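The values are calculated or read from the model by the stated rules, or taken from the named source; none is laboratory data. Quick caveat: nothing in here was measured; it's all calculated off a predicted structure. Don't worry about glycine lacking a Cβ; one is built from the backbone with ideal geometry, like all the others, and counts go over all protein chains shown.
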């Protein structure tokens, strides 16, 4: 770090420090404060004074303490070694910190984000004299069994390669190529590059979002699907299962890489992920889930300003892998804590508040964050995507609060968690009435190709039933179910079946934790068939009791547990049995 | 520990006369550079010393907060001494069995506490990678907790209560009965009282005395008539001792903190005096972070024997669970035990509301090898059935019980038995987890077997019986 003194502390108020006597400093410059070298970022400049937010506890910082400038913006290090690592909000590796400072995180610890000693086997794919531009692939490093880390030319550089090293083992800091820039200067390139966290990495163009991010969660994939490159908000009061839903998606979705940002949440949740993920096997690659996960942990007791930065740290890493042509999914748990960090910092800077004390620029910040998602063609022509799944924790579970409302403006898929469902231990507690997905129509072709032509019609039919059920339930609440005719009671019956047999999913069951789209489509079709044939049978004179007492009914209820993903013949059998039973019933009343 | 390298000339410097006193805050102008959050001593005209910390430091003024209140201070006569180091307390195992004020000074008439270990009361953030994921079942002997909202060693599980509800009784019962099955290790109890009445503190002391565990309890009392500002430091002092006992002395510590609502109100008081921008209901925007600093100090650490299990008690103002204090707590803690006034009115003890109560760590701490293999499904089935009972009761209140279907009548009977036989128990009743689970099956037998969707056929055969 450079030890250029840029000013002195004037006032300390929690994580916000006013600095006086600024000589030269740039906006968002990385700074270090005091003798303990606390990391901070310069966020406001005015004449000869500035405001710095410090990413560590400021206890003991006093006026006239020196402030050092690093001469660069707050950046992340991008290169081999990130996968499977757990970082804090400003990309300090927590495992390495633990080796230095035991169980607590001491202040002022400086550990490089990427391990400096480790050698990676680099295979160049370019040669001397080749013309390259920003974002082009220089070569590859096999980082994990399943992930080839592509080494890219930094986005802003282009020129002629003066020299390229031979295939071999290099550390992240060793020069692997020398680039002759257009202005004639030489620039060494490394396996590692830096990128400021608040700046979006450039791409060539945005691509349409027409492939779903398959999560294996039936209520999501079949009812409210999200596209690769899409944005989702999961709002819900405490105890409604935001973290459970995010963890389920992180475990089973078909992204190449997961960036899991624990932003202002519980330490034990991070510890849960750290214990569980290495043991879980990714169904698509057969390798540990940790080999496709990067964790960013800024728990609720860690400094609040680093919480603000953690979101940007995570998305910058995701963009870097997107530029290599990977599909990355970000779990941000929870964006409300991030917004609250903004509020706290804004309050300490004595800015004028807007709604509920949040700064007026809150919507802008939320928009900036979600707009970094997308399916992109990278500078090298590769197709990659960043999907953002952000949890929102509305105070009192009230969705009309500012963070939920502003988030809703900038996302296109909304999985609303419902307190009543959670109380009844119906998980995932995603409400089928309040949730929506704007990606639905774009994804229909993919679904029809993968899971057969009935899916969309089946989905429409079941959604219609669910909405009818709400109205019927209101009647039932007044007069009891007996007052309804059998045709209507059958709607209630089918909806209950659908909720138990399809929507509820046990995250801890070996088979039920994950369902392929093929299984989902078949299950959905079986239930819709039961509804269609059953309502015809009722019109023909069959009774509700008879329909319920069918043997195949119990098979349908248990099909989520009994039929494994890799062998769906069991579902075909159930369907055939259902058709037979209905035929018999009709014959009886014919 | 004082650092001799740090400001050797400036630390300990004393200023006579202050510029402004506002509530518990004192403003001093023209000081030497003073460190943020440093400890100060404030001496009044009679020579009485009060402790405080620096809340804000700038080149021209320092704001300090005095924990023991500012009554009797004068502008010219007050002396402020800056120590140049953060507030620490000396901690040791010998503090068990004694009574302290919020700052850790003994108030039981015994000698002052001396020890070589001086710890910063603010603590430091535990590195998430150092945490051990908690999964050891604590048997509290209370069915509704053991069976439905299992407490795990290292968990933070608050009781959301209301005024006049038996939260103190329940907390005391847990403290008396809590044990890890198959071990003899006892829990040390650290008790922090913030703004509670003398009677309440007396109740706990009595209860610990009667069960003979008082020697294993350290009490930190900042009662209702103590300066409200002292409440802000009380839980930190208590948790600092708990951390020492758990992670330096390898003990299992149960920390009871009551009443968190009073703590939050003190925080609001200070925030208002400082003119900060409020968020909801006048509470400062950093209430969440502040509560997290306390709650997150619980847990287990890899390679350490000990653990801190946290049992905060808070009274929901007007029984409103969406009030900022319970709401923000619920976002940090690992579940909550919610009390229901209506159940209390019907004489059910503990009046734990079945549905909103939750233990997040339960899933990994129960089942085969930990409690019993039928536990997870049984609990899930009880929740599902009880949730349906609520619907049936609503329906019955509209259309009358006679109009209900026979199945719904079964559910009403189940609901009644569940509350009377399973939830309800005596204050001195210590049920083993097997007793609890068997009771659960007994009340489930009021329902026909087809209704038990969440239980496997084998479990039905083994436990539901014929």
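Look through region B:270-314, keep the residues that are part of a helix (DSSP H, G or I) and in contact (Cβ under 8 Å) with a residue 60 or more places away in the chain, and return whichever of them is nearest to the other protein chains (Cβ to nearest Cβ). Walk me through it before giving the result.
Just the residues of region B:270-314 that are part of a helix (DSSP H, G or I), to begin with: B:270-273, B:280-282, B:287-295.
In the following step, the residues that additionally are in contact (Cβ under 8 Å) with a residue 60 or more places away in the chain were identified as B:270, B:273, B:293, B:295.
Numbers: B:270: 13, B:273: 15, B:293: 5, B:295: 8 Å.
Going through the qualifying residues, I end up with B:293.
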Which of the residues spanning region B:179-208 are surrounded by fewer than 22 Cβ atoms within 10 Å (Cβ to Cβ) and either at pLDDT below 90 or outside the structural domain of residue B:261 (by TED's automatic domain parsing) (or both)? B:179, B:180, B:181, B:182, B:183, B:184, B:185, B:186
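In this structure, does residue B:383 turn out to be at pLDDT 90 or above and closer than 26 Å to residue A:478 by Cβ? Spell out how you get there, then give the answer.
Numbers: at pLDDT 90 or above: yes; closer than 26 Å to residue A:478 by Cβ: no.
It is false that residue B:383 is at pLDDT 90 or above and closer than 26 Å to residue A:478 by Cβ.
Does residue A:308 count as within 24 Å of residue A:364 (Cα to Cα) and within 12 Å of chain B (Cβ to nearest Cβ)?
In short, yes.
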Please tell me if residue A:524 is away from chain B (no Cβ under 13 Å), assigned to a helix (DSSP H, G or I), touching a helix residue (DSSP H, G or I) at 6+ places or on another chain (Cβ under 6 Å) and at pLDDT below 95. no
If we keep just the residues of region B:334-362 that are in a loop (DSSP other than H, G, I, E, B) and within 8 Å of chain A (Cβ to nearest Cβ), which is nearest to residue B:151 (Cα to Cα)? B:361
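Which of the residues belonging to region B:9-48 are part of a loop (DSSP other than H, G, I, E, B) and more than 14 Å from every other protein chain (Cβ to nearest Cβ)? Before the answer, list the steps.
Let us first name the residues in region B:9-48 that are part of a loop (DSSP other than H, G, I, E, B), namely B:9-13, B:17-19, B:23-24, B:30-37, B:44-48.
Scanning region B:9-48 gives B:12, B:17, B:18, B:19, B:23, B:24, B:44, B:45, B:46, B:47, B:48.
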Only one of A:249, A:259 that is part of a helix (DSSP H, G or I), more than 14 Å from every other protein chain (Cβ to nearest Cβ) and surrounded by 24 or more Cβ atoms within 10 Å (Cβ to Cβ): A:249
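Look through region A:104-133, keep the residues that are more than 14 Å from chain B (Cβ to nearest Cβ) and not in a loop (DSSP other than H, G, I, E, B), and return whichever of them is farthest from the chain's Cα centre (by Cα). Steps first, please.
To start, the set of residues in region A:104-133 that are more than 14 Å from chain B (Cβ to nearest Cβ) comprises A:110, A:112-133.
Filter once more, so that each one left must be not in a loop (DSSP other than H, G, I, E, B): A:120-124, A:131-132.
On the way: A:120: 28, A:121: 30, A:122: 30, A:123: 31, A:124: 32, A:131: 36, A:132: 33 Å.
Looking at the filtered set, the residue picked out is A:131.
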For region A:539-590, how many residues meet the condition of being within 14 Å of chain B (Cβ to nearest Cβ) and either under 40 Å from the mean Cα position of the chain (by Cα) or not in a helix (DSSP H, G or I) (or both)? 11
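Would you call residue B:314 in the same structural domain as residue B:138 (by TED's automatic domain parsing) and surrounded by 23 or more Cβ atoms within 10 Å (Cβ to Cβ)? Spell out how you get there, then give the answer.
Values: in the same structural domain as residue B:138 (by TED's automatic domain parsing): yes; surrounded by 23 or more Cβ atoms within 10 Å (Cβ to Cβ): yes.
Here the answer is yes, as residue B:314 does meet what is asked.
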I'd like to check something: does region A:446-454 contain any residue that is free of Cβ contacts under 8 Å to residues at least 40 places away in the same chain and under 14 Å from residue A:498 (Cβ atoms)? no
Given the structure, is residue A:210 over 23 Å from residue A:294 (Cβ atoms), modelled with pLDDT under 95 and outside the structural domain of residue A:310 (by TED's automatic domain parsing)? no
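If only one of A:437, A:393 is modelled with pLDDT of 95 or more and buried (at least 20 other Cβ atoms within 10 Å of the Cβ), which one is it?
Values: A:393 fails: modelled with pLDDT of 95 or more.
It is A:437.
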Can you name the number of the only condition in (1) under 30 Å from the mean Cα position of the chain (by Cα); (2) crowded, with 20+ Cβ neighbours inside 10 Å that residue A:156 fails? (2)
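Could you list, in sequence order, all residues of region A:144-158 that are in contact with a helix residue (DSSP H, G or I) (Cβ under 9 Å, 6 or more places away or on another chain) and assigned to a loop (DSSP other than H, G, I, E, B)?
Filtering region A:144-158 down to residues in contact with a helix residue (DSSP H, G or I) (Cβ under 9 Å, 6 or more places away or on another chain) leaves A:144-147, A:149-150, A:152, A:155.
Correct list: A:144, A:145, A:146, A:147, A:155.
Is it the case, given these coordinates, that residue B:225 is more than 21 Å from residue B:172 (Cα to Cα), out of contact with any strand residue (DSSP E or B) (no Cβ under 9 Å at 6 or more places or on another chain) and outside any strand (DSSP E or B)?
Values: more than 21 Å from residue B:172 (Cα to Cα): yes; out of contact with any strand residue (DSSP E or B) (no Cβ under 9 Å at 6 or more places or on another chain): yes; outside any strand (DSSP E or B): yes.
Yes, satisfied.
Looking at region A:470-492, which of its residues are in a helix (DSSP H, G or I) and within 13 Å of chain B (Cβ to nearest Cβ)?
Kept after step one, since they are in a helix (DSSP H, G or I), are these residues of region A:470-492: A:470-479, A:481-483, A:486-492.
The answer is A:473, A:474, A:475, A:476, A:477, A:478, A:479, A:481, A:482, A:483, A:489, A:492.
Grab the strands (runs of 3 or more DSSP E) fully contained in region B:85-184, keeping just those with 2 or more residues being away from every other protein chain (no Cβ under 14 Å) and in contact with a helix residue (DSSP H, G or I) (Cβ under 8 Å, 6 or more places away or on another chain).
Working: elements: B:88-90, B:99-101, B:118-120, B:137-139, B:159-161.
Because the criterion is at least 2 residues that are away from every other protein chain (no Cβ under 14 Å) and in contact with a helix residue (DSSP H, G or I) (Cβ under 8 Å, 6 or more places away or on another chain), the strands (runs of 3 or more DSSP E) in region B:85-184 that meet it are B:99-101, B:137-139, B:159-161.
Is it true that residue A:71 is more than 14 Å from chain B (Cβ to nearest Cβ) and at pLDDT below 90? Break it down stepwise before answering.
Details: more than 14 Å from chain B (Cβ to nearest Cβ): yes; at pLDDT below 90: yes.
Considered against the rule, which asks whether it is more than 14 Å from chain B (Cβ to nearest Cβ) and at pLDDT below 90, residue A:71 comes out as yes.
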